[in-house]
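Taking it in order: structure first as C-alpha cells, then the write-up.
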Amino acid sequence: MSEPSFFRPAVTKMAAYVPGEQPPPGKYIKLNTNENPYPPPPQVVEAIRAAAAGPLNRYPDPVATAFRRAAAESLGLPGPEWILAGNGSDEILTILVRGFVGDGERLRLPYPSYVLYRTLADIQGASWEQVQFDADWKLPAAFGEPADGLKLVLLPNPNSPSGTIVSPAEVTSFAETLNCPLVVDEAYADFAEQNCLHLVAQHPRILVTRTLSKSYGLAGIRFGFLVANPDVIQELAKIKDSYNCDGLSIAAATAAMGCRQWLAENCARIVASRDRMTDELVKLGFEVTPSHANFVWCRHPGGQHGAIYEFLKNQQILVRYMQFGDWGDGLRISVGTDEQIDACLMMLKKFLA
Ligand SMILES: *Cc1c(COP(=O)(O)O)cnc(C)c1O
C-alpha cells in the first residue's frame, strides 16, 4: 500500500518545467539554449579567481552591494537601490511571482513565449492566461486589458522563441491600461537596438529583468537582476533567500559590469553572425523570423522539424525543437561561432538534399 501524497495539490497537479538539454561539454555543437558561444571577459575569470582566494568561510554580502553599484553606474540608473540581484534571472522571476501572485490568482503571458512563467504560476497554486501573438508577432490590445484576479503580466522582450520585439511605446501603452505590474524580461535586450530600461523610472508599473547568462557569456555562474522602483525592490527583498547570490558569482557579475566595451563587441559579432545565418537559412528555403536576439526561429515549408532536429542531433549538433500545440512547431537555433553555424548549415543542406 502506498503512502498518501503529502504534497500540496498544486504541486501534485503540475508538470515539471523541462529545460533545454545540457549534455556533458564537448560532444555536441550546442545551439539549443542560447548561450554565448564565446568565453566571458578575462577580467571576470580573474575576479572569480581572486574571490576564490578570499574568505570563503564568510557569508557573502546578502544584497550584493558591489554589484548593484557597478550595475547602476554601467546602466545609468539613479542608484543601487533600483536593483535586486538574483541567482539567475529565473530566481528573480520566482521572487516576482511569489511576491505578486497568490493562490487562486492569475498571471498573463504572451503565446508562444517562455514556458517557465506558467510553471512559476503552477507552483503558487495560481493560474495563467496566454495572449497569442498575431501572425506578424505583434501583440493585440488584449495583452494590456485589466482583469479581476490578474496580478502580474510577463513579457519576454525580445521574445523567445521568436526573437521579435515589442517597442517601448507599445510596452508603455500596455502598462497604462493594466491594473498590475508588467515585467519586461530583457534576457536578450543586449542584442537588440531598443530596450525598456528607461521606462522603469517613468512608469511605476514597469519592471525590467536582466541576466548575465546570454550576452555576458556567464550562464555557468547564475546571475540576474531586477530593475524597479526602490520601494518595489525593498518589498521583494523580503522574499529572497538571505544569501541568494554566492560570493564568487557576485565578484564575477561585478567585474562583468565594468566590461561595456567587451559587451558591445561581443554582441556586434553575434548579431553579424545571426544576420548571416538568417540569410543562409532563407537560401535553404526556411522561413526565418527576423531576430533581435542571439537565436533565430525558423520553419521549413516541408515541415519535418522534429526529423530535422533528430538528424542534426545524430550529427552532434543540438538545436531546440519546439512544439506549441495547435499553433505549430519549428526550430530555434542559437547563434554559435561562425564555424558552428557553418557546420549546422551544411547538415541542414544535407538533410534537405
Ligand atoms: C535564458 C532566459 C532567462 C533565464 O536567465 P537566467 O538568468 O539564466 O536564469 C530568462 N528569461 C528568458 C526569456 C530567457 O530566455
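Values in this text are rule-based calculations from the coordinates and carry no lab data. Please read these numbers as outputs of a predicted model, since none were measured by experiment. Note that each Cβ is placed from the backbone with ideal geometry, even for glycine, and that neighbours are counted across all protein chains shown.
May I ask for the net charge around L281, where only other residues with Cβ less than 15 Å from the Cβ of L281 are counted and Lys, Arg are +1 while Asp, Glu are -1?
+2
Arrange the following residues from fewest to most other Cβ atoms within 10 Å of their Cβ: V288, V227.
V288, V227
Search the structure for amide H atoms under 5 Å from the amide H of Y216, placed 1.01 Å from N in the peptide plane, and list their residues when 5 or more places away or on another chain.
Those lying under 5 Å, H to H, from Y216: there are none.
In whole Hz and in residue order, list the ³J(HN,Hα) couplings for region 119-136 that follow from phi through the Karplus curve 6.51 cos²θ - 1.76 cosθ + 1.60, θ = phi - 60°; x for Gly and Pro.
Once θ is set to phi - 60°, the couplings for region 119-136 become 4, 5, 5, 4, 4, 6, x, 9, 10, 9, 10, 10, 10, 6, 5, 5, 4, 9 Hz.
Can you put I333, I308 in order of Cβ neighbours within 10 angstrom, beginning with the fewest?
Lowest to highest Cβ neighbour count: I308, I333.
Remind me, relative contact order of the chain in percent, using alpha carbon pairs under 8 angstrom and six or more residues apart?
With pairs under 8 Å counted, the relative contact order is 23 percent.
Could you derive backbone 3J(HN,Hα) for region 87-94 from the dihedral phi with the Karplus parameters 6.51, -1.76 and 1.60 (θ = phi - 60°), listing whole Hz in sequence and x where the residue is Gly or Pro?
Per-residue couplings from phi come out as 7, x, 6, 4, 5, 4, 5, 4 Hz.
Please identify which residues in region 81-109 have an amide N closer than 19 Å to a label point set 7 Å out from the Cα of D148, following the Cα→Cβ vector.
101-108, by backbone N distance to the label point.
What nm value, rounded to one decimal, do you get for the distance between E339 and D103 when each label is placed 7 Å out toward the C-beta?
5.6 nm
Would you kindly state how much longer the chain becomes between W327 and K27 on full extension, computed as 0.36 nm times their sequence separation minus their alpha carbon distance, in nm to one decimal?
104.7 nm
Where both partners of a DSSP beta bridge lie in the chain, what percent of those bridges are antiparallel, to the nearest 5?
50 percent
When the Kirkwood radius is taken over all Cα pairs of region 1-130, what Stokes-Einstein diffusion coefficient follows at 4 °C and 1.567 mPa s, in µm²/s?
69 µm²/s
Counting only residues 5 or more places away or on other chains, whose amide H sits under 5 Å from the amide H of W128 once H atoms are built in the peptide plane?
HN-HN under 5 Å from W128: L107.
Subtracting the Cα-Cα distance from 0.36 nm times the residue separation, let me have the gained length for N57 to R260 in nm, one decimal.
Working it through step by step, the gained length comes to 69.9 nm.
Pull up all non-local amide H partners of G330: gap of 5 or more, or a different chain, and H-to-H distance under 5 Å with H placed in the peptide plane.
Long-range HN contacts for G330: M322.
Step through the residues of region 260-268 one at a time and calculate ³J(HN,Hα) from phi using the Karplus curve (6.51 cos²θ - 1.76 cosθ + 1.60, θ = phi - 60°), rounding each to whole Hz and writing x for Gly and Pro.
4, 5, 4, 4, 4, 5, 5, 5, 4
Could you list T172, T94, T211, T65 in order of exposure, starting from the residue whose Cβ has the fewest other Cβ atoms within 10 Å?
Ascending number of Cβ neighbours within 10 Å: T65, T172, T94, T211.
What shape does region 42-259 have by the C-alpha gyration tensor, where a ≥ b ≥ c are the square roots of the eigenvalues, rounded means a/c under 1.5, and otherwise prolate means a/b greater than b/c and oblate the rest?
The shape class here is prolate.
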